[in-house]
Amino acid sequence: MKKQNIFSVLVGGAAGDGAREAAANLSRLLTNVGFEVIQTVEYPSLIRGGHNFARVTFSDDKIHSDYEALDILVALNKETVDLHFKELKKDGLVIFDCEKQDKKIINLPLCAYAKEMGAPPILRTAAALGAICWILNLDLEELNKIFKTVFKDKAEANIKLSVKGYENFKNRKITQIKLPKPKKIIRKLVDGNEAFAEGLIKAGLENYFAYPMTPSSSILHFLAGKAHEYKIKVAQPENEIAVINMALGSAYAGKRTATASTGGGFALMLEAMAMAGMEELPIVVADSQRAGTSTGVATRTGQGDLAFVRNLPGEFPQIVLAPGDQEEAYLLGGLSLNLAWQFQTPVVVLLDKLLSENMSACQLDDKKIKIISSKPSKAGKKYQRYEFTDDGISPLAFPGDKDAVVKVCSYEHDEKGYITDSSEITKAMCEKRFAKIKGIVKELAKHEMIKVYGDTKSKNTLVFFGSTKGAILEALKYIKKPVRAVQILCLEPLDTAQLKKILKESNRIIDIENNYTGQLANLIREKTGIEVCKKILRYDSFPFEPLSLADTINKILK
Amino acid sequence: MIDLNTQAKNTWCPGCTNFLILSAFKNVLNELFSTGLNKDNVVMTAGIGCHGKIADYVNINSFISLHGREVATATGIKLANPKLTVVAFAGDGDAYAEGIEHLVHAAKRNSNITLLVHNNQVFGLTTGQVTPTSVKGYKGRSTPFGSVEEPLNPLSVLLSSGATFVARTYAGNLQEMQVIMKKAIQHKGFSVVDILQPCISFKDTREYFKERVCELEKNYPTDKLDMALVEVRSNGDKIPCGIFYQVQKPIFEDSF
Ligand SMILES: Cc1ncc(C[n+]2csc(CCOP(=O)(O)OP(=O)(O)O)c2C)c(N)n1
Ligand code: SF4
Ligand SMILES: [Mg+2]
């Protein structure tokens, strides 16, 4: 493998120091000049104090994950130096507000600059970004453009401070890092939640209800900010039970609706999600998983909800999708809303902290998402909400449609929607709902729901779902034996035939998951009867790191 | 007159006072239709309980939701399509136990929907257990030695939460019930009517209420919150019925 140029910058400080925002601006700058960029954030569940950091990894070539080894460490407090100094590369350097230069630590009077300018201390990060522009030989004008878009009329102070930082380093002739020429591809820096929300919008989202719960909250924030632009109604009701029930009222009234939460909030929605299955109401519910069980580790990542979300109460055809990166979050956001409406059923999208909050420079292809509606109804006096059809899908009418009486019902019901306990109708209605599976499978086949990467002919197979994709694809660069990686994007209904075919050709199957029990491995065994030979499981609240993951895999394949 | 009957077989106990609520609602709908309301634009939501079956007995759009969630469902429908007239039917177990959080917030939010509570002071459908409005000492299958909790005063809770239309009526007085139901539906904002509804199988309060229910005084002012809070709590020989409180406030859906 040819050596890839990979660079990392970490900005760290106390919560409230603006480390994350500063890193995001650096990421935007690097994206705009054409680099591949991945940004991860780590922060405790605190508003002030506590250690916060964001790491920006970039390259001229494709990267799937960020890297720990640092070229530049921006320390907004001493703790950051103490915690991250060891992560510096051989000629890595630290930017820190201290008295004097000391080997790797280059002093920069951030606070004094902010004070001189009469700016609040949080703006001091702008001077550090200016200094980084010198080191990376990036055009300061590009950074200032970003300040103008992000801070609008408040950009002035940031711009002045960035010049201060830049000039300081320039005058001291601080060593510069030579970057490769980026490919000039136009990309957009988005996190997974934003990409998912953009996908929903592209697929015609009209109403969004949610109750805040990290790491799903930024979907709510993003959509609330876009509400006027896209004419979306966004509301925050009293709890998740209200959320899902309002959302289903909204879907019944004919509006394309979605919501999101994390495990705990999702659990509160279960009863109503089963009702959505029974009443055949279209809805998208995302579960952005956090680490651990229950309240768990609120701001960290995990994949502990797979078994849970695919086992809603009762029986109806369930759809569970799991994107692995921002571009997939966008596409599956759109697909989920379309599937919900085509098949009049709830669709679950599994995200997690890592995917929800990581940013990457993406190309979101809006030509790939079209709005697909439900089977229209001619309505009229004879309308029957649950009319039996060959494909199990009844024409959909809404309250307000002329002469149609639209009755939906959480009890078992007849074609008109009246309560029934007739065993014949109960059986027929159950079969009607499950008849939709055929169409669902056919529709899913139009999209790539099982992806194979690496040496596709290899008999060594890694299997995974969701956000572990980044670390795994990056690890492929360092695995010595030929190996392929198989990603499952649609977990329900699983394409058992295709998966079986792929796995049967394998001698060694290694399952990689961010949980304790290996829920994907269990799913694979349940559906295909195939047992994986090895599981690599991480459940300490952190995502996999590509180099150490490659190490582990190399040892297994040796 | 539009025929609002349906093909569904009615499964309420013969003589149940829910039949009176059903008649009243159908009459009120026809009155509203005759003055311009379009039947296509009316939706009823219902919880789970004896009351909830009412949705099967009226030939209009309906959404039988979950136990306690009919108000949240109604709020979502109204927000999605503010042209619709949305009426939620609930039971006392349904609205005042399982889903009371939604009432408090619906009142605070002031969505333009109506909530009609069939308050029979028992869980009817699940065979007569105690509810939040059951009298202290109520003996049901889950409280064979008598309930130990004081009953809740739901209208007091709703007034305190900011409801803009708060009323009580007695299912036994069909005419008055219709008048109040109609005014509640016509009210712009969150309106709630607590309907005293004797359950003849598990808690037959027909005699009790017949002797005690009375109308609010003719010149009772409906815009005084303090007065309403006192009046809804009076509970002795006389149980006042009528509109305790009605004011105008900005409506939730209008802000989108
Ligand atoms: C979540 C949930 N818990 C419990 C039940 C069982 N359940 C059905 S009806 C009912 C009580 C109904 O009482 P009320 O709301 O007062 O209605 P009524 O039958 O008296 O009209 C209960 C507890 C349910 N359907 N859903
Ligand atoms: S149990 Fe009570 S409330 Fe239910 S139908 Fe019978 S009489 Fe009416
Ligand atoms: Mg009751």
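Just a few scattered comments:
- Peptide packing for B:216-229, B:4-17 was compared via the average number of neighbouring C-beta atoms within 10 Å per residue; ordered from the highest value, the list is B:4-17, B:216-229.
- Taking the C-alpha atoms only, the angle from helix A:155-171 to the longest principal axis of chain A is near 40 degrees.
- Assuming charge only on the beta carbon of Lys and Arg (+1) and of Asp and Glu (-1), the dipole of the range A:189-368 about its Cα centre is about 220 debye to the nearest 20.
- Eigen-decomposition of the gyration tensor built on the alpha-carbon atoms of the range A:6-171 gives equivalent ellipsoid semi-axes of 21, 19, 17 angstrom, largest listed first.
- About its Cα centre, chain A has a charge dipole of approximately 1780 debye under the convention of +1 per Lys or Arg Cβ and -1 per Asp or Glu Cβ, with nothing else charged.
- Projecting the Cα atoms of A:Ser216, A:Val56, B:Ala107 onto the charge dipole of the protein assembly as shown, computed from C-beta unit charges around the Cα centre, puts A:Val56 farthest toward the positive end.
- All distinct Cα pairs of the range B:148-256 go into the 1/r average, and the inverse of that average, the Kirkwood radius, is 14.8 Å.
- Dipole of the protein assembly as shown [Lys/Arg +1, Asp/Glu -1 at C-beta], most positive-end residue of B:Thr17, B:Asn219, A:Tyr418: A:Tyr418
- Positive end of the dipole of the range A:189-368 (Cβ unit charges, origin at the Cα centre): among A:Pro313, A:Gly302, A:Ala253, the Cα lying farthest that way belongs to A:Ala253.
- Report note on the peptides B:208-215, A:125-132: ranked by the mean count of other C-beta atoms within 10 Å, highest first, their order is A:125-132, B:208-215.
- The range A:76-144: C-alpha gyration tensor shape, a/c 1.5 cut-off, then a/b vs b/c: oblate
- DSSP bridge orientation in the range A:450-557 - percent antiparallel, rounded to nearest 5: 30 percent
- For the range A:376-408, trypsin sites (Lys or Arg not before Pro) meeting the loop criterion (DSSP other than H, G, I, E, B) and having at most 10 other Cβ atoms within 10 Å: A:Lys378, A:Lys381.
- Counting Cβ atoms of other protein chains within 10 Å of each residue's Cβ and taking the mean over peptide B:234-245 gives 0.
- From least to most packed, judged by other beta carbons within 10 angstrom and beginning with the fewest, B:Leu103, A:Leu354, A:Leu88 follow the order A:Leu88, B:Leu103, A:Leu354.
- Shape of the range A:375-447 from the C-alpha gyration tensor: oblate (a/c of 1.5 or more and a/b not above b/c, with a ≥ b ≥ c the square roots of its eigenvalues).
- The mean number of partner chain beta-carbon atoms within 10 angstrom of a residue's beta-carbon across peptide A:250-262 is 4.
- The C-alpha atoms of chain A define a longest principal axis, and helix A:519-528 lies at about 40 degrees to it.
- Peptide A:406-418 - average C-beta neighbours from other chains (10 Å radius): 6
- For chain A, the convex hull spanned by the alpha carbon atoms encloses 153 Å³ per residue.
- Each peptide in A:523-530, B:70-77 receives the mean, over its residues, of other Cβ atoms within 10 Å, and ordering these scores from highest gives B:70-77, A:523-530.
- Antiparallel bridge percentage (DSSP; both residues within the protein assembly as shown; nearest 5): 35 percent
- Cα gyration tensor shape for the range A:189-368, rounded if a/c is under 1.5, else prolate or oblate: rounded
Just so you know, all these numbers are worked out from the coordinates, no wet-lab data involved. In this text, all values refer to a predicted model and were calculated from it rather than measured experimentally. Neighbour counts run over all protein chains shown; Cβ positions are idealised from the backbone, glycine included.
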